[in-house]
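Reviewing the structure listed below.
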Amino acid sequence: MNYITRCKKKLQTVFALMLLLWCIPAQSQINQTDTVDLFNLSLDQLMNMEISVASKTAMTQQESPAIVSVVTKQEIQKSGARDLVDILRLVPGIEFGVDVQGAVGITMRGNWGHEGKVLLMIDNQEMNELSYSTVLYGNHYSVNNINHIEIIRGPGSSIYGGFAELGVINIITESGNDLKGLQATAQVGSTKNSTSPQMSISLGNKTDDFEFSVSSSYMKGNRSDRDYVDVYGDSYNMTDQSNLESFQVNTGLKYKDLSLRFIYDNYKTRMRDLYDAILSKDYGLDYASILGEVKYDWKISDKVTLTPKINYISNQPWKTTEQPVGDDLSLVYNRTVTKIRPHLSTSIDFSEKLNLLAGLEYFTEKGKISSPDEGVYYDNSTEISFNNFSAFAQAIYETDFVNTIVGVRGDFHSEFGSAFAPRIGFTKVSNKFHAKLLYSMAFRSPGIENINFNAYLNGTQEPNIKPENTQVIELEAGYKITPDMIITANIYNVNLDKTIVYTYDYDLATEGYRNAGKSGSQGFELEFKINKAWGYTNMNYSYYSSKNINEVENYMVPSKESAMLGTPQHKISLNSSFNITNNFSINPTLTYLGERYAMTMYDEDLEDVLINKVDPITLLNLYFNYKNIFTKGLDVGFGAYNILDQDYDFIQPYYDWHAPYPGKTREFVAKISYKLDFE
């Protein structure tokens, strides 16, 4: 059965299931407000809050054509979250694993999403680095200036392109209109052996046609204060040898319909773990990025908006900051990648019920090796460049029976050719009930080093890597039990083809990337939310299975066909808040991770690495938050993370001989912030 035939059969299934939605009564009217206080949302306001991450058109969570989670400012601040990991771990289907060299990345619904499969954005700016397409987590992105986070638990390639294959995370920071003043925060965390200070400051305002915001943050800490033991049994204590230090500046300016955005992000790490064996000493790695955007929303009429914009990205990721010694010489890496991306899109409201979004995009990427001593690219040069042209379109049509969204994106890359990502979705909101039926195709575009190292791996010195293709079917249903209580469930089936994986060829004695066949997962996610005057409780349970789907050996657990390496099949999260007074709240959060499987040590014959089961673990946190203490705008908080002092490890979700990488022991946290209003 060829590719086109398979797509037709999937679409036939989608249209058949669509008939189920037509049995549901007509959609009720939803009242929207222009501004919402995200620190005092009722459940109704939360569900009706407009988001755009799934369609680039403002829609409510229930209407949005994706499985979407929204984390509000209230939930972030009351939970006492230390960084982005603490927030995302409370979202269904998301967990984290270790890559190499101390890097921690994300998994989505059981699938390893670290290398270019999950897109992270800050204020719609693409944060994935451009060499290997990775995003590094842990003491990296400050949470103190976040307005809310929009998360697609599923594909977004038809809108965003090749990093949005399995999910999209868009962090929306506070605008000048949100701030209207000055906000400063200081925090310190303390474990048995280390401290983790954080500082941030934000300034913003809006007057008439002009709006600005400037935020800056600094974070420092250790990945862990425990001992790391590699697969050979060698060990070292990670205190002061797993440092994580980040500095970020985010500036936004807007005058009428013209907006500018500038982000500087510098993430510094230290590590000794490398790949399988530990190094003779700890080394520094830097990940620096500069991002800029200029955008103009030209409102040609009440119904037509034309948006030209241009983005600039410069990365210097995985940079070694000191000369390695002895057997550690292979560490040297110092390369810069730049990307320039002009973009033109138009949004047309043909009527109140029909909207069309269409656009064109072009980018050119250039990689540069700083020193010839470091080596060359596969074509024996110290510079390499690629370009890509994209066209996309999306139509949203609302009827009394069902809302329909149809979209498509085509990418045409100078090296690996074309990639195609259509999607179709049906959403229905009726009184207390909502439903979604979604079918998407997505792709993961190879990054510069994926292409480069593929050429070395295949032995021809010419790359033959292709984009990873994904097909996803999702069905969601939700029921509002009362105005303060809702339950939502979804089922999904994710199929990856031409899966891009990292591997090592012993015959050629080289590492690289290749297309390894089929992978994916299927499962379900269940959420329950209640929001009352006494506070709120958000609970979720997620489950996946890779049985009869995953054929990639790098991800397999030999003793359990339904599980993927490193990621728990069962996960439970709880995020709750109890208002003791109007200003004082107690906020417990909990994450339960079911059994996981990890590479732990070599067997007795030193021929293979043993894969062992890691017992379930419960991460319990408790945070006390007091607002407006002594004076308006002064907030304090204190609490403990990992109260039970569990030995949580980040596990490598693919087969590359990296032992489990320890996380922190119990940490006590204290935080103080002050908001000075200009009004």
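Laid out as a table, the results:
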read-out: Sorted by Cβ neighbour density within 10 Å, fewest at the top, the residues D286, D603; value: D603, D286
read-out: Long pairs among K299/K339; K428/K613; K613/K664; K428/K671; K295/K627, criterion Cα-Cα beyond 32 Å; value: K428/K613; K428/K671; K295/K627
read-out: Protection proxy ranking, peptides 248-254, 102-108, 84-90, average beta carbon neighbours within 10 Å, highest first; value: 102-108, 84-90, 248-254
read-out: Region 131-239: C-alpha gyration tensor shape, a/c 1.5 cut-off, then a/b vs b/c; value: oblate
read-out: At most 13 other Cβ within 10 Å, DSSP loop - chymotrypsin sites (Phe, Trp or Tyr not before Pro), region 491-523; value: Y506
read-out: Loop chymotrypsin sites (Phe, Trp or Tyr not before Pro), region 310-374, which have at most 13 other Cβ atoms in a 10 Å radius of their Cβ (DSSP); value: F350
read-out: Under 17 Å from the S381 label point (7 Å along Cα→beta-carbon), backbone N, region 432-448; value: 448
read-out: Proximal charge balance of I672 [Cβ under 13 Å; K/R count +1, D/E count -1]; value: +2
read-out: Partners for K547 among aspartates and glutamates (Cα-Cα distance below 14 Å; same-chain residues under 8 apart left out); value: E561
read-out: Neighbour-count order for T321, T191, fewest beta carbons within 10 angstrom listed first; value: T321, T191
read-out: Length-normalised contact order for region 3-677 - Cα pairs under 8 Å, 6+ apart - percent; value: 13 percent
read-out: Ranked by how many other beta carbons lie within 10 Å on average, peptides 584-592, 567-575 from highest; value: 567-575, 584-592
read-out: Residue (of G566, Y506, I278) at the positive-pole extreme of the chain, dipole from beta-carbon charges; value: G566
read-out: Net charge contributed by nearby residues that have their C-beta within less than 12 Å of N334 (K/R +1, D/E -1); value: -1
read-out: Region 564-669: GluC sites (Glu not before Pro) in DSSP loop, at most 15 other beta carbons within 10 Å; value: E595, E604, E607
read-out: Neighbourhood charge, 9 Å Cβ-Cβ cut-off, centred on V294 and excluding it, Lys, Arg +1 and Asp, Glu -1; value: +2
read-out: Too-long pairs where the Cα-Cα distance tops 32 Å, listed order kept, from K73/K256; K319/K466; K206/K309; K480/K560; K368/K498; value: K480/K560
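The numbers here are math on the coordinates, done by the rules we state, and not lab data. If you're wondering where the values come from, they're calculated on a predicted model, not measured in any experiment. Heads up, the Cβs are rebuilt from the backbone with ideal geometry, glycines too, and the neighbour counts pull from every protein chain shown.
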